[in-house]
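The values are calculated or read from the model by the stated rules, or taken from the named source; none is laboratory data. The structure presented is a predicted model; accordingly, all values stated were derived computationally and were not measured. Every residue, glycine as well, gets a Cβ built from its backbone with ideal geometry; the counts of neighbours run over all protein chains shown.
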Amino acid sequence: MDGLSHETARSPRPLLVVDGVSKHFGALAAVDNLSFEVMPGEVLGIGGPNGAGKTTLFDVITGLDRASSGRVLFAGHDITRAGPERICHAGIARTFQLNAGFDTLSVRENIEVAAIYGHVAPVFPGFRIRPVIRRRVDAALELSGLAGRAATPAGELAVLERKLLMVATAIVTQPRLLMLDEPVGGLTQAEMDAFVAMLARIRGEGMAIILIEHVMRFLVSLADRVLIMHHGERIYEGRPDDLANDRRVVDVYLGDGAADLIRAALDPGVVP
Amino acid sequence: MTAPGKDLVIGVVLVAIAATVPFLFPVRYVITQMTLLFIYAIVVTQWNLVLGVAGIFSLAQMALFACGAYATAMLGLYLDWSLWAAMPAGAMIAVVVGLLIGLACLRLKGPYVALLTLAIAQVAYLVIITDTDCFIRTETRCEPFTGGASGLRRFGDLGLREWLGRDWIIGNYFVGLGLLVAAMAFSVAVARGPLGLAFRALRDNLGYARSRGISQFKYQLVVFALSAFFTGLAGAFYAAHFKSVGPTIFSFSLLLLLLAMIVVGGLGTIWGPIVGATLVMFADEGLREVQDFRTLGLGLTLALFVLLLPDGLTGTASRLLARWRGSGS
């Protein structure tokens, strides 16, 4: 483990490179010539007002939408034109803002199908679920705290459980990069804390994470680095603690009240 | 009891009942209608994989059935193949056609799949009934390649008459039952296994399924090909059993009859298609006396189930059972 971190320290090769990516819908540039990198094991937080192009950026990276121009590299490979299946197999798993789920499948089946098809594409999946897959599904059920709901159809889950299930189906594909689209939007404070605890466990496994979130307290407490988007462009990229002091971010996105709250949340006495 | 255990018990009981029918009711008409029921049941169990499990609104199933039937008849008639060899060949031809239809439907959604597949079946039907060019000339008449509007016959049979004498029809009955058991076991294995999970995931949420590594391209083709095999085989057996094939198997009322079987039994359920096939077949038999009302009754039944019991009989029953158990515990 030590040797590995030395290796990455000596030659810091980024895991994800977004290079001059634009996405146009007619005359509207949802993402406008955006470039950034994510290092292995790093947590990048993305914020910005509604319509800033955050989810479109996720769609472009994960192959659900095509970039109008620019390149996306993952672990040195060009994935700009790859479909979502290939990108999943390459090691990127994402969640969706709209709490996607396979509603008629049980919680366990939701995770099983991701475990069978998400890590590598099986040539023929066979007629039985292999024991190694079952063990990975059990582990994901345990990690997400959904073990007690394994037999429930996903369509009957409450909001928090749906969000946890989406993360469970993502991590069971064994990604190197996890992309979370508003993972805690609409959750209560206690639910948010449960989510933070789970993400801390996931981080412990060395996964890089990109997360989009409007709940700034959540974003700045988890992220190593923060990127703020506005009209498809980057208006801030840097350490979370400087965010509330950036005049432009405060003006177009946070407002003065929220900036004070973030300063309070990042108080060295409260958060190390 | 586990789900596979339950399936096995239900299967064994149904087969045991079916196996006694020709001895309890040794009437030629009953045996023929039961054999026809087996043939239709094979088709609906496989159609259910596409329509119910994968949620792809394909109406191509009777065209695939016709592929198997016509291929078997032609191989027997023109190449003098034994029908025992022609039947699996016919099934494989249906698989190839199924793959092509699946490919054509890849980019289409919902009702457009229904329109395209129906159009394909109609084109095949029109090609056959307008085919009047002489292909072989006998002393009395000339036969077109596809048999034209009057169909194909005299291409042989399963040859059970030499072996069983007058009981050949019971022999065919058990061949049909054997094929149904194989088709049912196959559809259960597919629907309950990893493939079924992929089909249902793509049906429930396409974008999410693709983001979890499930290729729509691959598994849509797989479900079309898999469901085509036993459908084609059922068509092949239909040709072998009735010793004739005609363009009537493309008829809309037959398509409606089979669709009603799936909807009445329960779209996407494991045992629904078999239950539906049996009930609709018996109801259809009951309406035989009042010919004019058969299609009307069929249409009304279909409409009522779609409106009132969209999960069909087995789907509704298992939901009620689950609720009853839920309130009990």
Item checked: When residues of region A:211-232 are limited to those that are within 12 Å of A:Lys54 (Cβ to Cβ) and out of contact with any Phe, Trp or Tyr (no Cβ under 8 Å at 6 or more places or on another chain), the one surrounded by the most Cβ atoms within 10 Å (Cβ to Cβ) -> A:Met229
Check: Restricted to region A:148-180, and to residues that are closer than 21 Å to A:Pro40 by Cβ and not β-branched (Val, Ile, Thr), which residue is nearest to the other protein chains (Cβ to nearest Cβ)?
Finding: A:Ala170
Item checked: Total residues in region A:43-55, condition surrounded by 18 or more Cβ atoms within 10 Å (Cβ to Cβ) and away from chain B (no Cβ under 14 Å) -> 9
Margin query: What's the number of the only condition in (1) more than 15 Å from B:Ile249 (Cβ to Cβ); (2) touching a Ser or Thr at 6+ places or on another chain (Cβ under 9 Å) that B:Gly151 fails to meet?
Written below: (1)
Next item on the list: Among the candidates A:Arg71, A:Arg81, single out the residue that is free of Cβ contacts under 8 Å to residues at least 24 places away in the same chain, of a type in the set (Lys, Arg) and either out of contact with any Pro (no Cβ under 9 Å at 6 or more places or on another chain) or surrounded by fewer than 22 Cβ atoms within 10 Å (Cβ to Cβ) (or both).
Entry: A:Arg81
Note to self: For region A:57-110, give me each residue that is facing chain B (nearest Cβ under 9 Å), more than 26 Å from A:Pro40 (Cβ to Cβ), assigned to a loop (DSSP other than H, G, I, E, B) and touching a Lys or Arg at 6+ places or on another chain (Cβ under 9 Å).
What the structure shows: A:Ala100, A:Gly101, A:Phe102, A:Thr104, A:Leu105
Next item on the list: Within region B:117-125, identify whether any single residue is over 22 Å from B:Phe252 (Cα atoms) and in contact (Cβ under 8 Å) with a residue 60 or more places away in the chain, and answer yes or no.
Entry: no
Check: Within region B:40-58, which residues are among the hydrophobic types (A, V, I, L, M, F, W, C) and either assigned by TED's automatic domain parsing to the domain that holds B:Leu259 or buried (at least 21 other Cβ atoms within 10 Å of the Cβ) (or both)?
Finding: B:Ala41, B:Ile42, B:Val43, B:Val44, B:Trp47, B:Leu49, B:Val50, B:Leu51, B:Val53, B:Ala54, B:Ile56
Check: Can you name the helices (runs of 4 or more DSSP H) wholly within region B:256-329 that have at least 3 residues being exposed (fewer than 12 other Cβ atoms within 10 Å of the Cβ) and over 16 Å from the mean Cα position of the chain (by Cα)?
Finding: B:294-308, B:312-328
Item checked: Test set (1) surrounded by fewer than 22 Cβ atoms within 10 Å (Cβ to Cβ); (2) within 24 Å of A:Leu164 (Cβ to Cβ); (3) out of contact with any Pro (no Cβ under 8 Å at 6 or more places or on another chain) - A:Phe124 fails condition number -> (2)
Note to self: Six or more apart or on different chains, Cβ atoms under 7 Å: show the pairs whose first residue is in region B:151-174 and in the same structural domain as B:Ala236 (by TED's automatic domain parsing) and whose second is surrounded by 15 or more Cβ atoms within 10 Å (Cβ to Cβ) and part of a strand (DSSP E or B).
What the structure shows: B:Gly151/B:Ser244; B:Gly151/B:Val245; B:Leu152/B:Ser244; B:Leu152/B:Val245; B:Arg153/B:Ser244
Item checked: Residue list for region A:121-160, restricted to those being outside any loop (DSSP other than H, G, I, E, B) and aliphatic (A, V, I, L, M) -> A:Val132, A:Ile133, A:Val137, A:Ala139, A:Ala140, A:Leu141, A:Leu143, A:Ala147, A:Ala154, A:Val159, A:Leu160
Note to self: What are the pairs with Cβ atoms under 6 angstrom where one residue, in region B:187-204, is free of Cβ contacts under 8 Å to residues at least 40 places away in the same chain and within 8 Å of chain A (Cβ to nearest Cβ) and the other, located anywhere, is crowded, with 22+ Cβ neighbours inside 10 Å and aliphatic (A, V, I, L, M)? Sequence gap at least six, or different chains.
What the structure shows: B:Pro194/A:Ile116; B:Leu197/A:Val113; B:Ala198/B:Ile214; B:Ala201/A:Val113; B:Ala201/B:Ala209; B:Ala201/B:Ile214
